[in-house]
Structures are given as structure tokens and as C-alpha cells.
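Single-structure report; data block below.
The values are calculated or read from the model by the stated rules, or taken from the named source; none is laboratory data. No experiment lies behind these values; they were computed from the predicted model shown. Counting neighbours? That spans all protein chains shown, and the Cβs are built from the backbone with ideal geometry, glycine included. Areas reflect the complete protein model, heavy atoms only, side chains present, ligands, DNA and RNA absent. Shrake-Rupley method; radii C 1.70, N 1.55, O 1.52, S 1.80 Å.
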Amino acid sequence: MNTVKIAPSVLSANFAEMGKEVAKIQAAGADLVHLDVMDGVFVPNITFGIKMVEDVRKITDLPLDAHLMIVHPERYVEKFAKAGADIITVHAEACGDTLAQTLTLIRQCGKKAGAVINPDTPASAVIPVLPLCDMVLVMSVFPGFGGQKFIADVLSKVQEIKCAAESLGKTIDIEIDGGIDPKTAPLAVQAGANVLVAGSAVFGASDCAAAISALRGTKNAQ
Ligand code: DX5
Ligand code: ZN
């Protein structure tokens with residue numbers, strides 16, 4: 001019933017071979033492509049922007065999940081939408097008072113809207129805007145880099161957000177991002193997450209398809 005979707009993060013891909021890397025995860029059974037957009041201001045790292053989304057759009061029909069780790073994301077929402085992102089997630093910390101407006105703008109662009117919270121941001125930062133969300137992304141590491149350790153404390157927020165969405169009678173995707181591997185994935189799913197982002201656990205594996213199945217829980221993860 002609650003199907004788990006796997007969203008490999010291309011942050012751990014070889015950027016010089018992006019086309020091949022996306023084709024590889026698609027063939028391996030990925031459900032979404034997670035694109036980590038970092039501006040060097042909201043997070044202490046810089047990745048890529050609109051042009052990458054546009055070019056990846058041309059080579060895959062998988063849904064593109066653009067995780068915007070940028071300040072003033074409202075300035076770029078329309079551009080990412082036009083570039084072909086299907087889901088656009090914006091950080092509550094970056095939006096502040098304009099979170100509801102920014103989520104509305106994403107929806108007006110015809111895209112799925114998501115609100116993201118860092119490990120030290122309470123669930124109460126997104127609960128009031130759940131009616132405007134198709135997805136909530138709970139960060140299980142501080143954003144900026146792949147390969148960090150999973151912060152298990154965030155699992156209670158996953159539960160809290162799931163309960164709040166249920167009490168609204170709303171089905172919402174709950175995505176979790178950071179340190180997801182075959183050991184942490186079942187904990188996240190048990191807490192209520194149904195979209196698992198994984199960078200190093202997928203791109204660092206010698207067998208991508210086996211890595212994705214292990215995260216999905218379709219093979220013994222012990
Ligand atoms: C972190 C990014 C994540 C990251 C996850 O800022 O948002 O998507 O790539 O990488 P892993 O799975 O290696 O923790
Ligand atoms: Zn991400």
C-alpha cells in the first residue's frame with residue numbers, strides 16, 4: 001500500500017558523465033531523479049542549476065525532484081519549472097515568512113510542491129503549510145554534502161508530519177534525505193517516509209540495481 005520510492009541523488013554521480021549516470025539509475029529501477037541544487041550561500045557547497053535540470057530532462061522520463069538549497073528560492077521557481085522539474089522542494093529556513101507563497105507559486109507553475117526542514121528545524125515549521133504541500137522533505141543530515149551520517153532524531157518529525165497530514169485527510173509524500181542506506185532505510189520507512197533519497201548508497205555501489213532493491217526493502221537488508 002505505502003510503496004517506497006527510491007530517489008537517487010546525482011550529487012554522488014560523476015558530473016562529467018551525467019547522462020550515463022542518469023541512464024544507469026533509470027535502468028537500475030530508480031523512481032525519481034533527485035537533483036541537489038546548491039548555491040554556496042544557503043549551504044557551504046555549490047553544485048549546478050537550471051541548465052542541468054533542463055539537460056537531464058531531455059534524457060529521462062523519470063520524474064525530476066529538484067531540491068533547492070538556495071536562498072530566495074522564489075526567484076528561481078519558475079525557471080526550474082520551465083526547465084522540467086516535476087517536484088520542486090524549498091527549505092523552510094530559506095523561505096521564512098514566504099514559505100506558503102513560494103509553495104503556492106510552485107503549484108501555480110503546475111508542479112508538485114515540497115517544503116524541506118533541516119535536522120534542527122521543528123516539524124511545526126511545515127505543519128501549517130501542509131495543505132499546500134504535495135511532499136515534505138525531512139533532512140536527516142545537515143544539507144551540503146553527501147556521505148554524512150544519518151541523524152536518527154529526525155524520525156520523530158517524520159511521524160509527526162505523517163500524523164498531521166493524516167489528520168487533514170491528506171496523502172502526502174514524505175521524503176527523507178541524508179545517510180540513507182540499507183540499515184537506515186527501514187527505520188525511515190517505519191517512521192512513515194515513502195520517498196528515500198540516497199546518493200552514496202546508490203552511486204557508490206558496484207551493483208546499482210541491487211543497491212536500489214536493498215533500499216526498497218525487497219531484499220534482505222541485514
Ligand atoms: C545533502 C543532499 C543529499 C545528499 C545525500 O545535502 O541533499 O541529497 O546527496 O547523500 P547521501 O545519500 O550520500 O547521504
Ligand atoms: Zn537532497
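Would you pick out the residues in the range 188-203 that are part of a loop (DSSP other than H, G, I, E, B) and in contact with a helix residue (DSSP H, G or I) (Cβ under 8 Å, 6 or more places away or on another chain)?
Of everything in the range 188-203, those that are part of a loop (DSSP other than H, G, I, E, B) and in contact with a helix residue (DSSP H, G or I) (Cβ under 8 Å, 6 or more places away or on another chain) turn out to be GLY192, ALA193, GLY199.
Filter the range 22-33 down to the residues that are buried (at least 24 other Cβ atoms within 10 Å of the Cβ) and either under 15 Å from LYS58 (Cα atoms) or away from ligand 1 (no atom under 16 Å from the Cβ) (or both) and list them by number. Scanning the range 22-33 gives a single hit, VAL33. You will find that of ASP36, ASP65, ASP61, the residue that is surrounded by 16 or more Cβ atoms within 10 Å (Cβ to Cβ), outside any helix (DSSP H, G or I) and out of contact with any helix residue (DSSP H, G or I) (no Cβ under 6 Å at 6 or more places or on another chain) is ASP65 and no other. The set of residues in the range 39-55 being surrounded by fewer than 17 Cβ atoms within 10 Å (Cβ to Cβ) and among the polar types (S, T, N, Q) consists of ASN45 alone.
For the range 168-177, the condition holds for at least one residue, the condition being that it is open to solvent by 10 Å² or more (accessible area, probe 1.4 Å), within 13 Å of ligand 1 (Cβ to nearest atom) and not in a helix (DSSP H, G or I).
The residues in the range 1-21 that are at pLDDT 95 or above, over 16 Å from the mean Cα position of the chain (by Cα) and either within 24 Å of ILE174 (Cα to Cα) or open to solvent by 30 Å² or more (accessible area, probe 1.4 Å) (or both) can be counted, and the count is 6. Among the residues of the range 144-163, is any touching a residue at least 40 places away in the same chain (Cβ under 8 Å), open to solvent by 70 Å² or more (accessible area, probe 1.4 Å) and within 16 Å of ligand 2 (Cβ to nearest atom)? Yes: one or more hits. A single entry from VAL202, VAL189 fulfils the requirement of being within 16 Å of ligand 1 (Cβ to nearest atom) and open to solvent by less than 20 Å² (accessible area, probe 1.4 Å): VAL202.
If you check ALA214 against the conditions, is it out of contact with any Leu (no Cβ under 8 Å at 6 or more places or on another chain) and either assigned to a strand (DSSP E or B) or open to solvent by less than 20 Å² (accessible area, probe 1.4 Å) (or both)?
Working: out of contact with any Leu (no Cβ under 8 Å at 6 or more places or on another chain): yes; either assigned to a strand (DSSP E or B) or open to solvent by less than 20 Å² (accessible area, probe 1.4 Å) (or both): yes.
Yes: the conditions hold for ALA214.
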